[in-house]
Structures are given as structure tokens and as C-alpha cells.
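In what follows, a single structure is set out as C-alpha cells and then discussed.
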Amino acid sequence: MRRFLLLISCVLFFSTTTAYAKRYALIIGNSQYGNEIGNLRNPVNDAQDMSALLKKKGFTVSTLTNATQREMKSSITQFTQQLTEKGSMGLFFFAGHGIEVDGHNFLIPIGANIQSESDVPYEGVDSGRVMGGMEASGNNLNLIILDACRNNPYARSFRSASKGLARIDPPKGSLILYATSPGDVAADGVGRNGLFTQHLLQAIDQSHEPVEKVFKITANKVFNESSKKQLPWQSGVILGDFYFSKNKSKKADVNTKNNENIFWASIQDETQPSFFNSYLKQC
């Protein structure tokens, strides 16, 4: 009985530990929207700083700043195609204007000609395009980060008074982090980075915790610094742990090997083939 319980615990450990050898990121920051709706101070800086940090963390990064709709769609397609590679994971980051229409979140490209709500699906980029591509790739882990919950720049010409983005649950095996809660707006920021991205960069760079804890640290910092007016929102569930820090990932690999040794020691004197078949499948 003891060996059986040990066998089960080792199987559970192995099944929730995954190595992501290929890390891909698509980073987009749109600031120069022009006089019609006004420029934003931070998104290009946010994109450049996020790209530099993720490269340090071992990501292969594609970066777009002040991108048109065609450029955004093309890059999203190329990005999600990369995620079909074995052992890959993906991270999508967007900073800029975002609009919710009929329950869909649209990322606004540079040069969008939006006069009314009916124009948004044709001039914007549906965030579902990113999520759909991630889901179709069949990989096991994706992260989506949207710093796009600013005031609706077209509010005067829209029928509805909606603000911020809608809550949309990501595909299986994905986490999505919004700069603020559904239906709320986030400040653009007064320094080099927006308040949300500033703290997210710090948490990714300085923390050696799993990604869920990194997102939670970010949310707490933003909430407190904004006098409890802006609360980042997280949605989705992933199995296993992902660390931005490669050193932490290596430590997890060592732990996996240690558990493999324990598993082997627990069954090496067994005579039933089923024990060894389980070992081979997991190791």
C-alpha cells in the first residue's frame, strides 16, 4: 500500500511539471493615434521595455510599435503558428487603446477609421484572434496581457456608455491578465511606463515565483499605489508551474529528477510489469 501511494504521488508530480524549451512572445505598443483621439504617453515605452526584459528571460520576441491593423493581424498569425512547435509556450502583450463592443474586446491599431460602434469589428483587431490562434496551436501554456483598459476615445459617437474591457475567459491552459477589472479603466501613467506595466516589469524581473504569483504581486502593487482605484484582473487556469526566471525552472527540473529517483527506488524490487510501465511513461 505504501509503495502504491508513493507511485501515485510521483505520477502526479511528473504530470504537472512541464519544461517549455521554446518561449515565444509578441509585444505590441500603440501610442501615436493622432489628433482625432489623442496620443498615449506610455504604450511604446511599455512595449520596448517588456521586449527587452523578456529577451533576458529567454524569449524569442517579436515587437511592433505604432502598428496598423494589417501589421497586427499578420504578426499575430505568425506568432500563433510558432506555438505549434513541440515544447513551446507563448506570451502576447498589448499596450494601447482597447474597446469592448457586444462582449468582444478589440485592440485598436494605428490608422483605424472608427466613426461608430459598427466600425470597430472592421477597423480593430479582436483579441479573440489571438486566443483562437493559441487554442488552435495545441500547446499547453499561453499568457495574454492586456494593458488596454483606457477610456474609450470614441465614447461621444457610441450609443453605449461601456468603458474598459469585458471579461473573456481564455482558452484551456492559458492565463489572461487585464490592467484593471472588467468594465473599469486604467490610467495611462505619468512616467516612462504606465502604472500597471511598471509594476509588472518589476515583478517579472525581481520575483522567482510562479507566474500566478507574479501576476498577484503586480495586482497588489497597482491596487495600493492607485489608492485602490485600479485592480488588475486575472482569468484562466494552467496546470503545472511556469517561471519567468530560468534559474527557477532549472531548480524545478532538479526537483523532478529527485522525484524520479524516489519513484524508481520505490518500485525497483517489484515484479509486476505495470509498475515499470508507469515509470517509463512518466520519465
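The values are calculated or read from the model by the stated rules, or taken from the named source; none is laboratory data. This one's a predicted model, so the numbers in the text were calculated from it and none came from an experiment. Heads up, the Cβs are rebuilt from the backbone with ideal geometry, glycines too, and the neighbour counts pull from every protein chain shown.
Among residues belonging to the stretch 49-65 that are over 17 Å from Tyr243 (Cβ atoms), among the small types (Gly, Ala, Ser) and in contact (Cβ under 8 Å) with a residue 12 or more places away in the chain, point out the one that is surrounded by the fewest Cβ atoms within 10 Å (Cβ to Cβ).
Restricting to residues being over 17 Å from Tyr243 (Cβ atoms), among the small types (Gly, Ala, Ser) and in contact (Cβ under 8 Å) with a residue 12 or more places away in the chain, the top hit is Ser62.
Within the stretch 108-133, track down each residue that is closer than 13 Å to Gln69 by Cα and in contact with a Lys or Arg (Cβ under 9 Å, 6 or more places away or on another chain).
Pro109, Val125, Arg129
So which helices (runs of 4 or more DSSP H) stay within the stretch 1-110 end to end and still have 1 or more residues that are more than 19 Å from the chain's Cα centre (by Cα) and modelled with pLDDT of 95 or more?
Because the criterion is at least 1 residues that are more than 19 Å from the chain's Cα centre (by Cα) and modelled with pLDDT of 95 or more, the helices (runs of 4 or more DSSP H) in the stretch 1-110 that meet it are 69-82.
Condition (residue is under 30 Å from Lys246 (Cβ atoms) and among the hydrophobic types (A, V, I, L, M, F, W, C)) applied to the stretch 99-108: is it met by at least one residue?
Yes, some residue in the stretch 99-108 is under 30 Å from Lys246 (Cβ atoms) and among the hydrophobic types (A, V, I, L, M, F, W, C).
Of the numbered conditions (1) over 22 Å from Leu165 (Cα atoms); (2) at pLDDT 55 or above; (3) surrounded by fewer than 18 Cβ atoms within 10 Å (Cβ to Cβ), Lys229 satisfies every one except a single condition; which is it?
So Lys229 meets the others, but not (1).
For the stretch 35-48, which residues satisfy the criterion of being in contact with a Gly (Cβ under 9 Å, 6 or more places away or on another chain) and either buried (at least 18 other Cβ atoms within 10 Å of the Cβ) or free of Cβ contacts under 8 Å to residues at least 12 places away in the same chain (or both)?
Leu40, Asn42, Pro43, Val44, Asn45, Asp46, Ala47
Select from the stretch 102-111 the residues that are surrounded by fewer than 24 Cβ atoms within 10 Å (Cβ to Cβ) and touching a residue at least 24 places away in the same chain (Cβ under 8 Å) and list them in ascending order.
Of everything in the stretch 102-111, those that are surrounded by fewer than 24 Cβ atoms within 10 Å (Cβ to Cβ) and touching a residue at least 24 places away in the same chain (Cβ under 8 Å) turn out to be Gly103, His104, Pro109, Ile110, Gly111.
Of the residues in the stretch 205-220, how many are surrounded by fewer than 21 Cβ atoms within 10 Å (Cβ to Cβ), in contact with a helix residue (DSSP H, G or I) (Cβ under 8 Å, 6 or more places away or on another chain) and either touching a residue at least 40 places away in the same chain (Cβ under 8 Å) or among the polar types (S, T, N, Q) (or both)?
Total meeting the criteria: 3.
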